[in-house]
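These notes are about the structure you will find just below.
The values are calculated or read from the model by the stated rules, or taken from the named source; none is laboratory data. As the structure is a computational prediction, the values presented were derived from the model and not from experiment. Cβ atoms come from the backbone with ideal geometry, glycine included; neighbour counts cover every protein chain shown. Areas reflect the complete protein model, heavy atoms only, side chains present, ligands, DNA and RNA absent. Shrake-Rupley method; radii C 1.70, N 1.55, O 1.52, S 1.80 Å.
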Amino acid sequence: MKEKEENNLRFVLDHYRKGVFNTSEAISAFRRRTSGEKRSPRAVRLYAALTAAVVAAAVVLTVFFSITPLFRTMETLTADAVMTVCLPDSTFVTLSPNSSISYIKGKPFTLRRNVEITGKAYFSVARDTEHPFEVMAGSSYIKVLGTRFHVDGCDDSTDLHVLSGKVFFAESADSEDSEGLFLTKGMSARHTAGSGKPVFSKSEVLNPAAWATGVFEYDSAPLEDVLSELSHFYGKNFILVSSGSLQKKNLTGRFFADDMESVIFAIEEALDVKIEVK
Amino acid sequence: MKQRDINNYFDDLFRLFYRPLCLYALHYIADHQKVEDIVQECFLSLWQKRTSVTEHRAYLYASVRNRCLDELRKTLKNRSLADSDIENFYSEESDSKMQDDSVSEAEIWTAIDSLPDRCREIFLLSKRDGLKYEEIAGELSISVHTVRNQISKALRILQSGAKRVIFFIFG
């Protein structure tokens with residue numbers, strides 16, 4: 001013990017210089033560099049997209065299409081890590097690792113807002129009632145009118161969860177209204193390839209888009225379900241140790257995902273329970 | 001998250017980790033300016049990834065270390081040393097120890113910072129530079145008695161955070 005602390009002091013003495021490593025100055029410098037962002041979610045996500053060198057190695061393939069007399073350039077982006085993309089119409093898409101998105105580059109996109117995705121994506125769609133936003137996910141088709149929603153598509157089926165707005169979910173762009181489902185806030189549905197109409201589903205996860213938004217929102221959610229979701233998200237095992245009363249507890253609130261300990265602490269305080277982490 | 005909440009949170013991260021991270025980096029690169037630049041860059045990197053990173057402390061230490069090693073590689077490449085030589089700078093065991101030490105070192109640094117100017121000057125002349133009390137007294141044109149008092153004062157201040165200092169001084 002003695003020796004370690006002697007060594008620590010020796011090290012500090014060898015390098016000590018007055019006036020450096022000033023935490024307050026560092027904070028000021030940091031604030032200056034980060035205050036360029038406006039707090040609108042769009043600006044934050046655009047910034048995230050621009051730091052591609054740090055966040056992700058995006059593989060960009062450009063494929064040339066010719067449609068009647070016009071040349072169209074398609075952009076395809078594949079995410080290496082969680083990556084947010086800004087489309088030409090100002091729609092933001094956050095892709096989870098190994099997901100991809102394809103769309104027409106540039107101004108032509110704003111006239112026909114059509115994207116194709118694979119994997120998992122969270123959309124924050126710019127409002128434009130003249131031009132509905134359409135998503136092809138695997139073998140499913142989603143038509144959107146300015147909203148936020150989450151799509152999870154793998155080979156055989158597509159799960160859709162709507163966070164706000166209204167969405168039409170069907171097998172293809174040619175589907176009649178009766179062949180698809182209209183979903184609004186809080187609704188989820190699943191479409192299996194070749195099955196025709198999607199079916200409503202109970203969202204297995206309360207906050208399917210937490211990986212993209214960084215937020216958990218609960219509205220009278222059973223504590224059991226909350227702990228189950230948090231366990232999955234953080235890769236830990238949260239167990240209810242004791243509670244103030246025997247009644248089943250429900251949680252309402254908004255929590256920010258980046259600080260696991262604060263989330264757990266806040267829940268413990270709010271509901272008068274004790275949660276253990278394994 | 002409200003802008004204010006994020007700012008407060010990052011302020012706290014700085015208060016907890018800025019100095020320890022600087023001292024940790026100093027073990028790899030003995031250049032104060034470079035070290036501060038690196039640590040600042042790592043905080044910025046965390047800021048950009050804040051919704052996808054859950055272990056902030058670990059992320060900060062790891063990214064500081066990686067940037068330090070990159071910096072070392074750059075410097076050493078100029079002197080045409082092999083990549084394997086660079087591995088001598090890093091071992092998991094010593095790195096882990098450096099991370100642990102960084103907190104105590106930050107505390108000691110802060111304690112020295114907090115000493116009154118004169119007191120610190122005398123303390124450093126004695127403990128860092130190894131001058132005898134008489135030599136210090138001569139250099140600063142003060143009495144040996146004053147020197148001794150100032151050093152006791154410095155020790156008391158450092159010791160209130162670290163009893164260990166006594167062992168070093170009198171050992």
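Worth pointing out:
- Where only alpha carbons of region A:111-193 are counted, the Rg and the Dmax (Å): 11.3, 32
- With both labels modelled 7 Å from their Cα along Cα-to-Cβ, the B:V144 to A:Y234 distance reads 6.1 nm.
- Summing charges over neighbours of A:F238, with a neighbour being any other residue whose Cβ is under 12 Å away from its Cβ, gives -3 when K and R count +1 and D and E count -1.
- Taking 14 Å as the straight-line reach from the Cα of A:K185, the aspartates and glutamates in range (excluding those fewer than 8 positions away in the same chain) are A:E217, A:D219.
- Flagged links, alpha-carbon separation over 20 Å, of A:K4/B:K153; A:K143/A:K166; A:K105/A:K197; A:K4/B:K127; A:K120/A:K249: A:K4/B:K153; A:K105/A:K197; A:K120/A:K249
- For region A:186-238, applying the loop criterion from DSSP together with a ceiling of 16 other beta carbons within 10 Å to the GluC sites (Glu not before Pro) yields A:E204.
- The residues of region A:188-278 expose, per residue, 57 Å² of accessible area to a 1.4 Å probe.
- Nearest-0.05 FRET efficiency for B:L76 and B:R128, computed from C-beta distance (R0 25 Å): 0.30
- Here's the list of lysines a cross-link from B:K74 could span, going by alpha-carbon distance under 29 Å and ignoring same-chain residues fewer than 8 apart: A:K18, B:K34, B:K49, B:K97.
- Taken across both chains, chains A and B shield about 4700 Å² of accessible surface from a 1.4 Å probe.
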